[in-house]
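The values are calculated or read from the model by the stated rules, or taken from the named source; none is laboratory data. Nothing here was measured: the structure is a model prediction, and the numbers come from that model. A quick note on method: Cβ atoms are made from the backbone with ideal geometry, for glycine too, and the neighbour counts reach across all protein chains shown. The accessibility values were calculated without ligands, DNA or RNA, using every heavy atom of the protein model including side chains. Shrake-Rupley method; radii C 1.70, N 1.55, O 1.52, S 1.80 Å.
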Amino acid sequence: MRISDLVRDYLILNIVPNYLPAITFSEERPPFISAEKIIFTKQTGRPVDAYVRQFDVEILLFGVQNANNADLDSLFNDAELVLEYIKANFVINEDLRITITQDVTGPYITAQNRYFYRISVLTYSE
């Protein structure tokens with residue numbers, strides 16, 4: 001399983017259960033064709049050694065389509081909750097650790113008029 005998938009599933013299980021998981025980013029395909037909130041993660045590899053693998057993972061939290069100001073506030077609050085949860089819970093599993101590398105950034109907006117916030121993390125695994 002990809003590290004970014006493990007991060008996404010960890011967050012859905014523990015802090016944002018009302019977000020639909022996205023495996024790929026395409027506004028023409030599910031889950032982006034629904035009006036629901038979505039979480040999407042993507043990874044970039046870093047150098048490895050004999051002991052540790054590292055990945056940069058971007059976490060993108062998307063709000064509902066055609067969002068209003070209340071939706072945007074709720075989305076920002078969710079992003080802050082994710083950030084604080086990761087800071088307080090360094091261990092995803094016995095072989096995977098996570099730390100924040102970039103604070104909540106955004107809001108950004110998609111062609112669907114769907115706002116999103118971004119958080120970047122660094123993972124360490126064996």
*asked:* Which pairs turn up if I take residues in segment 70-81 that are at pLDDT below 95 and look for partners that are part of a helix (DSSP H, G or I) with beta carbon separation below 8 Å, at least 6 apart in sequence or on another chain?
replied: none
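Conditions tested, residue by residue: (1) under 14 Å from GLN112 (Cα atoms); (2) aliphatic (A, V, I, L, M).
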| position | (1), (2) |
| --- | --- |
| ILE12 | no, yes |
| VAL16 | no, yes |
| LEU20 | no, yes |
| ARG29 | yes, no |
| ILE33 | yes, yes |
| ILE39 | no, yes |
| GLN43 | no, no |
| PRO47 | no, no |
| PHE76 | no, no |
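Looking at VAL7, is it surrounded by 14 or more Cβ atoms within 10 Å (Cβ to Cβ), free of Cβ contacts under 8 Å to residues at least 40 places away in the same chain, of a type outside the set (Asp, Glu) and closer than 19 Å to LEU122 by Cα?
Details: surrounded by 14 or more Cβ atoms within 10 Å (Cβ to Cβ): yes; free of Cβ contacts under 8 Å to residues at least 40 places away in the same chain: no; of a type outside the set (Asp, Glu): yes; closer than 19 Å to LEU122 by Cα: yes.
Spelling it out, it is not the case that VAL7 is surrounded by 14 or more Cβ atoms within 10 Å (Cβ to Cβ), free of Cβ contacts under 8 Å to residues at least 40 places away in the same chain, of a type outside the set (Asp, Glu) and closer than 19 Å to LEU122 by Cα.
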*Can you spot a residue in segment 11-19 that is open to solvent by 30 Å² or more (accessible area, probe 1.4 Å), in a loop (DSSP other than H, G, I, E, B) and aromatic (Phe, Trp, Tyr)?*
no
*Would a scan of segment 42-55 turn up a residue that is open to solvent by less than 40 Å² (accessible area, probe 1.4 Å), of a type in the set (Lys, Arg) and either at pLDDT 95 or above or under 14 Å from the mean Cα position of the chain (by Cα) (or both)?*
no
*Count - residues of segment 85-126 that are at pLDDT 95 or above, under 19 Å from GLY63 (Cα atoms) and open to solvent by 80 Å² or more (accessible area, probe 1.4 Å)*: 2
